[in-house]
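Just below is one structure, and these are the notes that go with it.
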Amino acid sequence: MTTGAPLALYGPDFAADPAGHYRRLRAHGPLAPVELAPGVEALLVIDYQAALDLLRDADSFSKDPRGWQATVPPDSPILPMLGYRPTALFSDGETHARYRAAITDSLAMIEPHVLQRQVADAARLLLRDFAGAGEADLVAQYARQLPLRVFNSWFGVPDTDSDRLVAGIAGMVNSTQDAAAAYADLVAVVTRLVADRRAAPRRDLTSWFLAHPAGLDNDEAIRQITLTMSAGHEPSTNLIGNALLRMLTDPRYAGSLYGGAMTAHQAITEVLWEDPPFANFSAHYPRRDMEFHGRRLRAGQLLLVSYAAANSQTRTPAGDDPARAGENAHLAWAAGPHGCPARQPALLIAITAIEQLTSHLSDMELATEPSELVWRPGPFHRALARLPVRFSPLAVVAEGPQGPSPSSRSTSVPAAPV
(Lines give C-alpha, C1' and ligand atoms only; values in the text may rest on other atoms or scores of the structure.)
Protein backbone atom coordinates (compact mmCIF):
# COMPACT_ATOMS: atom_id res chain seq x y z
CA MET A 1 0.00 0.00 0.00
CA THR A 2 1.29 3.48 -0.89
CA THR A 3 0.36 7.00 0.08
CA GLY A 4 0.41 10.21 -1.88
CA ALA A 5 -1.68 12.96 -3.41
CA PRO A 6 -5.24 11.98 -4.36
CA LEU A 7 -5.77 11.17 -8.03
CA ALA A 8 -8.24 13.51 -9.77
CA LEU A 9 -11.36 11.84 -11.19
CA TYR A 10 -12.50 14.93 -13.08
CA GLY A 11 -11.27 16.56 -16.27
CA PRO A 12 -10.49 15.14 -19.73
CA ASP A 13 -7.53 12.99 -18.63
CA PHE A 14 -9.66 10.76 -16.42
CA ALA A 15 -12.50 10.71 -18.97
CA ALA A 16 -10.11 9.56 -21.72
CA ASP A 17 -8.46 6.77 -19.70
CA PRO A 18 -10.33 5.72 -16.54
CA ALA A 19 -8.87 2.20 -16.68
CA GLY A 20 -5.35 3.62 -16.48
CA HIS A 21 -6.33 5.70 -13.46
CA TYR A 22 -7.81 2.65 -11.73
CA ARG A 23 -4.60 0.68 -12.35
CA ARG A 24 -2.54 3.41 -10.71
CA LEU A 25 -4.95 3.55 -7.77
CA ARG A 26 -4.45 -0.16 -7.04
CA ALA A 27 -1.06 0.63 -5.54
CA HIS A 28 -3.00 2.01 -2.54
CA GLY A 29 -4.81 -1.25 -1.82
CA PRO A 30 -8.59 -1.84 -1.69
CA LEU A 31 -9.33 1.83 -0.92
CA ALA A 32 -7.58 4.67 -2.71
CA PRO A 33 -7.55 8.47 -2.21
CA VAL A 34 -9.16 10.46 -5.01
CA GLU A 35 -10.27 14.02 -5.68
CA LEU A 36 -13.82 14.44 -7.06
CA ALA A 37 -13.63 18.19 -7.61
CA PRO A 38 -11.04 20.79 -6.64
CA GLY A 39 -10.52 20.43 -2.90
CA VAL A 40 -13.09 17.63 -2.45
CA GLU A 41 -11.42 14.34 -1.52
CA ALA A 42 -12.81 10.85 -0.98
CA LEU A 43 -11.73 7.24 -0.64
CA LEU A 44 -12.63 5.16 -3.67
CA VAL A 45 -13.37 1.47 -3.05
CA ILE A 46 -11.74 -0.35 -5.98
CA ASP A 47 -11.73 -3.91 -4.61
CA TYR A 48 -14.70 -6.15 -5.44
CA GLN A 49 -15.09 -7.81 -2.03
CA ALA A 50 -14.55 -4.54 -0.19
CA ALA A 51 -17.22 -2.94 -2.38
CA LEU A 52 -19.71 -5.70 -1.56
CA ASP A 53 -18.91 -5.43 2.15
CA LEU A 54 -19.52 -1.69 2.07
CA LEU A 55 -22.73 -1.86 0.04
CA ARG A 56 -24.25 -4.51 2.32
CA ASP A 57 -23.25 -3.10 5.72
CA ALA A 58 -25.95 -0.64 6.78
CA ASP A 59 -24.96 -1.03 10.43
CA SER A 60 -21.43 0.36 10.02
CA PHE A 61 -22.09 2.85 7.19
CA SER A 62 -24.71 5.53 6.68
CA LYS A 63 -26.02 7.08 3.47
CA ASP A 64 -26.76 10.42 5.13
CA PRO A 65 -24.12 12.95 3.91
CA ARG A 66 -24.92 15.89 6.18
CA GLY A 67 -21.92 15.51 8.51
CA TRP A 68 -19.52 15.27 5.56
CA GLN A 69 -21.35 18.01 3.69
CA ALA A 70 -20.63 20.52 6.45
CA THR A 71 -16.93 20.23 5.54
CA VAL A 72 -17.47 21.05 1.84
CA PRO A 73 -17.81 24.56 0.37
CA PRO A 74 -21.51 25.21 -0.25
CA ASP A 75 -20.83 26.15 -3.88
CA SER A 76 -18.90 22.96 -4.66
CA PRO A 77 -19.97 21.49 -8.02
CA ILE A 78 -20.07 18.06 -6.41
CA LEU A 79 -23.00 18.83 -4.10
CA PRO A 80 -25.82 18.49 -6.68
CA MET A 81 -24.84 14.82 -6.85
CA LEU A 82 -23.78 14.15 -3.25
CA GLY A 83 -25.47 16.84 -1.14
CA TYR A 84 -28.31 15.84 1.17
CA ARG A 85 -31.91 15.81 0.04
CA PRO A 86 -34.86 13.93 1.58
CA THR A 87 -34.68 10.98 -0.84
CA ALA A 88 -34.14 7.24 -0.68
CA LEU A 89 -30.56 7.76 -1.88
CA PHE A 90 -29.56 9.81 1.17
CA SER A 91 -31.58 8.04 3.88
CA ASP A 92 -31.23 5.08 6.22
CA GLY A 93 -33.54 2.72 8.08
CA GLU A 94 -37.28 3.36 8.17
CA THR A 95 -37.02 6.63 6.24
CA HIS A 96 -35.17 4.90 3.43
CA ALA A 97 -37.70 2.04 3.44
CA ARG A 98 -40.61 4.50 3.18
CA TYR A 99 -39.11 6.47 0.29
CA ARG A 100 -37.92 3.37 -1.54
CA ALA A 101 -41.35 1.74 -1.26
CA ALA A 102 -42.91 4.69 -3.07
CA ILE A 103 -40.39 4.22 -5.88
CA THR A 104 -40.43 0.44 -6.19
CA ASP A 105 -44.21 0.06 -5.85
CA SER A 106 -44.82 2.68 -8.52
CA LEU A 107 -42.28 1.15 -10.90
CA ALA A 108 -43.86 -2.27 -10.37
CA MET A 109 -47.04 -1.04 -12.03
CA ILE A 110 -45.30 -0.97 -15.40
CA GLU A 111 -46.06 -4.03 -17.50
CA PRO A 112 -43.02 -5.28 -19.45
CA HIS A 113 -44.90 -5.82 -22.72
CA VAL A 114 -46.29 -2.28 -22.55
CA LEU A 115 -42.83 -0.88 -21.84
CA GLN A 116 -41.29 -2.83 -24.71
CA ARG A 117 -43.93 -1.52 -27.12
CA GLN A 118 -43.37 2.05 -25.90
CA VAL A 119 -39.62 1.79 -26.46
CA ALA A 120 -40.09 0.29 -29.93
CA ASP A 121 -42.59 3.02 -30.88
CA ALA A 122 -40.26 5.76 -29.62
CA ALA A 123 -37.33 4.18 -31.49
CA ARG A 124 -39.20 4.17 -34.80
CA LEU A 125 -40.26 7.79 -34.38
CA LEU A 126 -36.66 8.82 -33.76
CA LEU A 127 -35.39 6.75 -36.68
CA ARG A 128 -37.74 8.57 -39.04
CA ASP A 129 -35.98 11.81 -38.17
CA PHE A 130 -32.52 10.70 -39.34
CA ALA A 131 -32.73 7.37 -41.21
CA GLY A 132 -32.95 9.11 -44.58
CA ALA A 133 -29.86 11.23 -43.97
CA GLY A 134 -27.34 8.41 -44.07
CA GLU A 135 -25.58 9.74 -40.98
CA ALA A 136 -26.39 10.49 -37.34
CA ASP A 137 -25.01 11.18 -33.89
CA LEU A 138 -26.43 8.21 -31.98
CA VAL A 139 -25.96 9.94 -28.62
CA ALA A 140 -27.75 13.21 -29.34
CA GLN A 141 -30.30 11.86 -31.80
CA TYR A 142 -31.06 8.45 -30.31
CA ALA A 143 -29.54 7.28 -27.00
CA ARG A 144 -30.39 10.52 -25.20
CA GLN A 145 -33.77 11.06 -26.81
CA LEU A 146 -35.27 7.59 -26.52
CA PRO A 147 -35.23 7.24 -22.70
CA LEU A 148 -36.46 10.83 -22.47
CA ARG A 149 -39.53 10.07 -24.54
CA VAL A 150 -40.34 7.00 -22.50
CA PHE A 151 -39.72 8.73 -19.16
CA ASN A 152 -41.77 11.77 -20.18
CA SER A 153 -44.62 9.44 -20.97
CA TRP A 154 -44.34 7.67 -17.62
CA PHE A 155 -44.24 10.87 -15.59
CA GLY A 156 -46.53 12.98 -17.79
CA VAL A 157 -43.88 15.64 -18.44
CA PRO A 158 -45.00 18.22 -21.04
CA ASP A 159 -43.04 18.08 -24.30
CA THR A 160 -42.14 21.75 -23.80
CA ASP A 161 -40.08 20.78 -20.72
CA SER A 162 -38.09 17.96 -22.37
CA ASP A 163 -34.99 20.00 -23.14
CA ARG A 164 -34.90 21.42 -19.61
CA LEU A 165 -35.17 17.91 -18.20
CA VAL A 166 -32.21 16.60 -20.20
CA ALA A 167 -30.09 19.68 -19.53
CA GLY A 168 -30.84 19.55 -15.82
CA ILE A 169 -29.91 15.90 -15.43
CA ALA A 170 -26.79 16.09 -17.60
CA GLY A 171 -25.59 19.31 -15.96
CA MET A 172 -25.99 17.84 -12.50
CA VAL A 173 -24.07 14.65 -13.34
CA ASN A 174 -21.25 16.53 -15.10
CA SER A 175 -20.42 18.15 -11.72
CA THR A 176 -19.12 21.40 -13.18
CA GLN A 177 -19.68 24.92 -11.90
CA ASP A 178 -23.08 24.94 -13.64
CA ALA A 179 -24.26 21.84 -11.76
CA ALA A 180 -26.22 23.66 -9.05
CA ALA A 181 -28.13 25.78 -11.56
CA ALA A 182 -28.87 22.70 -13.67
CA TYR A 183 -30.24 20.81 -10.68
CA ALA A 184 -32.32 23.81 -9.59
CA ASP A 185 -33.95 23.98 -13.02
CA LEU A 186 -34.67 20.25 -12.95
CA VAL A 187 -36.37 20.67 -9.57
CA ALA A 188 -38.38 23.59 -10.95
CA VAL A 189 -39.75 21.41 -13.76
CA VAL A 190 -40.73 18.65 -11.33
CA THR A 191 -42.20 21.12 -8.83
CA ARG A 192 -44.64 22.41 -11.41
CA LEU A 193 -45.46 18.86 -12.50
CA VAL A 194 -46.24 17.79 -8.92
CA ALA A 195 -48.44 20.85 -8.37
CA ASP A 196 -50.38 20.02 -11.54
CA ARG A 197 -50.93 16.41 -10.48
CA ARG A 198 -51.96 17.37 -6.93
CA ALA A 199 -54.69 19.46 -8.51
CA ALA A 200 -55.65 16.98 -11.23
CA PRO A 201 -54.28 13.40 -10.93
CA ARG A 202 -53.82 11.36 -14.08
CA ARG A 203 -52.80 7.82 -14.89
CA ASP A 204 -49.07 8.45 -14.77
CA LEU A 205 -46.11 7.83 -12.53
CA THR A 206 -46.22 11.28 -10.93
CA SER A 207 -49.78 10.70 -9.76
CA TRP A 208 -48.88 7.23 -8.47
CA PHE A 209 -46.08 8.69 -6.34
CA LEU A 210 -48.50 11.21 -4.85
CA ALA A 211 -51.16 8.57 -4.16
CA HIS A 212 -48.77 6.03 -2.60
CA PRO A 213 -49.51 4.93 1.00
CA ALA A 214 -46.12 6.38 2.01
CA GLY A 215 -47.97 9.70 2.08
CA LEU A 216 -45.21 11.81 0.52
CA ASP A 217 -45.60 15.55 1.02
CA ASN A 218 -44.93 17.80 -1.96
CA ASP A 219 -41.22 18.25 -1.28
CA GLU A 220 -40.69 14.53 -0.65
CA ALA A 221 -42.55 13.70 -3.86
CA ILE A 222 -40.54 16.24 -5.85
CA ARG A 223 -37.27 14.79 -4.53
CA GLN A 224 -38.17 11.13 -5.16
CA ILE A 225 -39.37 11.93 -8.67
CA THR A 226 -36.25 13.98 -9.43
CA LEU A 227 -34.10 11.12 -8.13
CA THR A 228 -35.98 8.54 -10.20
CA MET A 229 -35.71 10.63 -13.35
CA SER A 230 -32.00 11.24 -12.84
CA ALA A 231 -31.24 7.64 -11.90
CA GLY A 232 -33.14 6.45 -14.95
CA HIS A 233 -32.34 8.79 -17.80
CA GLU A 234 -28.57 9.33 -17.53
CA PRO A 235 -27.59 5.66 -16.99
CA SER A 236 -29.99 4.47 -19.71
CA THR A 237 -28.54 6.96 -22.20
CA ASN A 238 -24.99 5.91 -21.37
CA LEU A 239 -25.78 2.20 -21.41
CA ILE A 240 -27.30 2.41 -24.89
CA GLY A 241 -24.44 4.55 -26.20
CA ASN A 242 -21.66 2.45 -24.69
CA ALA A 243 -23.19 -0.81 -25.92
CA LEU A 244 -23.65 0.57 -29.44
CA LEU A 245 -20.00 1.65 -29.48
CA ARG A 246 -18.94 -1.86 -28.51
CA MET A 247 -21.04 -3.38 -31.28
CA LEU A 248 -19.62 -0.95 -33.84
CA THR A 249 -15.95 -1.44 -32.90
CA ASP A 250 -15.57 -5.01 -31.62
CA PRO A 251 -15.10 -7.51 -34.49
CA ARG A 252 -17.01 -10.15 -32.53
CA TYR A 253 -20.17 -8.09 -33.01
CA ALA A 254 -19.82 -7.38 -36.73
CA GLY A 255 -22.35 -10.05 -37.64
CA SER A 256 -24.89 -8.92 -35.05
CA LEU A 257 -25.80 -5.89 -37.16
CA TYR A 258 -26.99 -8.42 -39.73
CA GLY A 259 -28.63 -10.78 -37.26
CA GLY A 260 -25.44 -12.60 -36.31
CA ALA A 261 -24.40 -14.54 -33.25
CA MET A 262 -23.51 -11.74 -30.81
CA THR A 263 -26.62 -10.07 -29.43
CA ALA A 264 -27.52 -6.68 -27.99
CA HIS A 265 -28.00 -8.38 -24.62
CA GLN A 266 -24.43 -9.67 -24.71
CA ALA A 267 -23.06 -6.23 -25.59
CA ILE A 268 -25.01 -4.67 -22.73
CA THR A 269 -23.77 -7.30 -20.29
CA GLU A 270 -20.16 -6.64 -21.29
CA VAL A 271 -20.66 -2.89 -20.88
CA LEU A 272 -22.16 -3.38 -17.42
CA TRP A 273 -18.97 -5.22 -16.50
CA GLU A 274 -16.36 -3.10 -18.26
CA ASP A 275 -17.84 0.36 -18.96
CA PRO A 276 -20.79 0.72 -16.57
CA PRO A 277 -22.82 3.87 -17.29
CA PHE A 278 -22.30 5.03 -13.70
CA ALA A 279 -18.67 4.13 -13.00
CA ASN A 280 -18.24 5.56 -9.49
CA PHE A 281 -21.03 6.27 -7.01
CA SER A 282 -22.78 4.78 -3.94
CA ALA A 283 -21.56 7.31 -1.39
CA HIS A 284 -21.28 5.94 2.18
CA TYR A 285 -20.10 7.44 5.47
CA PRO A 286 -18.71 5.46 8.45
CA ARG A 287 -20.91 5.82 11.53
CA ARG A 288 -17.82 5.76 13.76
CA ASP A 289 -14.03 5.60 13.54
CA MET A 290 -13.24 2.10 12.31
CA GLU A 291 -10.91 -0.22 10.44
CA PHE A 292 -12.08 -1.37 7.00
CA HIS A 293 -10.07 -3.63 4.68
CA GLY A 294 -6.77 -2.49 6.11
CA ARG A 295 -7.48 1.23 6.21
CA ARG A 296 -8.40 3.40 9.18
CA LEU A 297 -11.59 5.38 8.50
CA ARG A 298 -12.90 8.47 10.27
CA ALA A 299 -16.55 8.84 11.18
CA GLY A 300 -18.35 10.78 8.46
CA GLN A 301 -15.58 10.33 5.88
CA LEU A 302 -16.76 10.05 2.25
CA LEU A 303 -16.35 6.65 0.56
CA LEU A 304 -17.44 5.95 -3.01
CA VAL A 305 -17.66 2.61 -4.78
CA SER A 306 -15.97 2.23 -8.16
CA TYR A 307 -18.20 -0.28 -9.93
CA ALA A 308 -15.84 -0.19 -12.91
CA ALA A 309 -12.65 -0.83 -10.95
CA ALA A 310 -14.22 -3.49 -8.72
CA ASN A 311 -15.72 -5.31 -11.70
CA SER A 312 -12.38 -5.51 -13.44
CA GLN A 313 -11.06 -7.77 -10.67
CA THR A 314 -13.58 -10.52 -11.34
CA ARG A 315 -14.42 -10.10 -15.02
CA THR A 316 -13.13 -12.93 -17.22
CA PRO A 317 -11.71 -11.95 -20.61
CA ALA A 318 -14.13 -10.93 -23.36
CA GLY A 319 -14.99 -13.75 -25.69
CA ASP A 320 -15.43 -16.42 -23.01
CA ASP A 321 -18.64 -18.39 -22.71
CA PRO A 322 -21.40 -15.77 -22.23
CA ALA A 323 -23.41 -18.24 -20.16
CA ARG A 324 -20.65 -18.71 -17.62
CA ALA A 325 -21.55 -18.68 -13.93
CA GLY A 326 -21.47 -15.28 -12.32
CA GLU A 327 -22.29 -13.38 -15.52
CA ASN A 328 -24.64 -11.09 -13.58
CA ALA A 329 -22.35 -10.63 -10.57
CA HIS A 330 -21.17 -7.21 -11.74
CA LEU A 331 -21.76 -4.19 -9.52
CA ALA A 332 -23.23 -1.85 -12.15
CA TRP A 333 -26.57 -1.99 -10.31
CA ALA A 334 -24.83 -1.62 -6.92
CA ALA A 335 -25.93 -4.12 -4.23
CA GLY A 336 -27.41 -4.31 -0.77
CA PRO A 337 -30.36 -2.25 0.49
CA HIS A 338 -29.67 0.60 -1.95
CA GLY A 339 -29.26 -1.56 -5.06
CA CYS A 340 -31.02 -0.48 -8.26
CA PRO A 341 -34.77 -1.13 -7.93
CA ALA A 342 -35.40 -1.21 -11.69
CA ARG A 343 -32.72 -3.25 -13.37
CA GLN A 344 -35.18 -5.30 -15.44
CA PRO A 345 -36.96 -2.27 -16.97
CA ALA A 346 -33.58 -0.67 -17.60
CA LEU A 347 -32.33 -3.75 -19.44
CA LEU A 348 -35.54 -3.98 -21.43
CA ILE A 349 -35.24 -0.35 -22.55
CA ALA A 350 -31.61 -0.72 -23.63
CA ILE A 351 -32.03 -4.07 -25.40
CA THR A 352 -35.15 -2.97 -27.28
CA ALA A 353 -33.57 0.35 -28.26
CA ILE A 354 -30.50 -1.35 -29.73
CA GLU A 355 -32.45 -4.10 -31.48
CA GLN A 356 -34.74 -1.56 -33.14
CA LEU A 357 -31.80 0.52 -34.34
CA THR A 358 -29.70 -2.35 -35.68
CA SER A 359 -32.65 -4.06 -37.36
CA HIS A 360 -33.32 -0.93 -39.44
CA LEU A 361 -29.76 0.33 -40.01
CA SER A 362 -27.93 -2.95 -40.42
CA ASP A 363 -24.93 -1.50 -42.28
CA MET A 364 -24.06 1.16 -39.72
CA GLU A 365 -20.40 1.93 -39.21
CA LEU A 366 -18.52 4.38 -37.04
CA ALA A 367 -17.95 7.65 -38.89
CA THR A 368 -14.68 8.45 -37.10
CA GLU A 369 -11.72 6.62 -35.64
CA PRO A 370 -12.49 5.17 -32.18
CA SER A 371 -9.49 7.06 -30.79
CA GLU A 372 -11.10 10.35 -31.81
CA LEU A 373 -14.26 9.83 -29.76
CA VAL A 374 -14.64 12.13 -26.77
CA TRP A 375 -15.94 11.05 -23.36
CA ARG A 376 -17.77 13.52 -21.16
CA PRO A 377 -15.65 14.46 -18.13
CA GLY A 378 -16.91 13.89 -14.60
CA PRO A 379 -16.13 11.56 -11.70
CA PHE A 380 -19.37 9.58 -11.75
CA HIS A 381 -20.41 8.58 -15.26
CA ARG A 382 -18.90 6.83 -18.27
CA ALA A 383 -20.56 8.72 -21.10
CA LEU A 384 -19.78 9.45 -24.74
CA ALA A 385 -20.13 13.05 -25.87
CA ARG A 386 -20.98 11.92 -29.43
CA LEU A 387 -21.27 8.69 -31.41
CA PRO A 388 -21.20 9.60 -35.13
CA VAL A 389 -22.20 6.87 -37.60
CA ARG A 390 -22.95 6.53 -41.28
CA PHE A 391 -25.22 4.06 -43.08
CA SER A 392 -27.22 3.57 -46.25
CA PRO A 393 -30.13 6.07 -46.21
CA LEU A 394 -33.44 4.43 -45.41
CA ALA A 395 -36.49 5.88 -47.12
CA VAL A 396 -39.13 4.18 -44.96
CA VAL A 397 -39.04 3.03 -41.33
CA ALA A 398 -41.23 -0.02 -40.90
CA GLU A 399 -44.22 0.21 -38.61
CA GLY A 400 -44.40 -2.10 -35.60
CA PRO A 401 -47.09 -4.76 -35.19
CA GLN A 402 -49.25 -2.22 -33.35
CA GLY A 403 -49.37 0.16 -36.32
CA PRO A 404 -48.45 3.83 -36.15
CA SER A 405 -46.86 4.99 -32.93
CA PRO A 406 -49.25 6.40 -30.34
CA SER A 407 -48.87 9.81 -28.75
CA SER A 408 -46.00 10.20 -26.30
CA ARG A 409 -48.62 11.08 -23.72
CA SER A 410 -49.62 7.43 -23.31
CA THR A 411 -48.71 6.20 -19.87
CA SER A 412 -47.09 3.38 -18.37
CA VAL A 413 -41.93 3.29 -15.74
CA PRO A 414 -36.77 3.49 -14.50
CA ALA A 415 -32.83 2.85 -12.82
CA ALA A 416 -29.65 3.19 -10.51
CA PRO A 417 -28.97 2.81 -6.81
CA VAL A 418 -31.52 4.30 -4.38
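The values are calculated or read from the model by the stated rules, or taken from the named source; none is laboratory data. Values in this document were obtained by computation on a predicted structure and should not be read as measured data. Please note: Cβ atoms are built from the backbone with ideal geometry, for glycine as well, and neighbour counts cover all protein chains shown.
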Residue by residue through segment 266-303, note down the ones that are closer than 15 Å to PRO235 by Cα and in a loop (DSSP other than H, G, I, E, B).
ASP275, PRO276, PRO277, ALA279
Only listed residue being over 25 Å from ALA383 (Cα atoms), of a type in the set (Gly, Ala, Ser) and crowded, with 21+ Cβ neighbours inside 10 Å, chosen from SER91, SER60:
SER91
Exactly one of (1) under 21 Å from the mean Cα position of the chain (by Cα); (2) surrounded by fewer than 19 Cβ atoms within 10 Å (Cβ to Cβ); (3) modelled with pLDDT under 85 is unmet by ALA140. Its number?
(3)
Would you say ASP53 is under 19 Å from GLY300 (Cα atoms), in contact with a strand residue (DSSP E or B) (Cβ under 9 Å, 6 or more places away or on another chain) and assigned to a loop (DSSP other than H, G, I, E, B)?
no
Looking at (1) touching a helix residue (DSSP H, G or I) at 6+ places or on another chain (Cβ under 7 Å); (2) at pLDDT below 95; (3) not hydrophobic (A, V, I, L, M, F, W, C), which is the one condition that is false for ARG100?
(2)
Being more than 30 Å from LEU361 (Cα to Cα), assigned to a helix (DSSP H, G or I), in contact with a Phe, Trp or Tyr (Cβ under 6 Å, 6 or more places away or on another chain) and not hydroxyl-bearing (Ser, Thr, Tyr), is that true of even one residue in segment 189-209?
yes
Looking only at segment 19-40, filter to residues that are among the aliphatic types (A, V, I, L, M) and in a helix (DSSP H, G or I); which one of those is nearest to the chain's Cα centre (by Cα)?
ALA19
Can you give me the number of residues within segment 327-345 that are modelled with pLDDT under 90 and either in a helix (DSSP H, G or I) or of a type in the set (Val, Ile, Thr) (or both)?
3
Screening VAL166, VAL119, VAL157, VAL150 for residues that are part of a loop (DSSP other than H, G, I, E, B), surrounded by 18 or more Cβ atoms within 10 Å (Cβ to Cβ) and of a type in the set (A, V, I, L, M) leaves only VAL157
Exactly one condition in (1) surrounded by fewer than 18 Cβ atoms within 10 Å (Cβ to Cβ); (2) closer than 17 Å to GLY300 by Cα; (3) at pLDDT below 95 is false for LEU79; which is it?
(1)
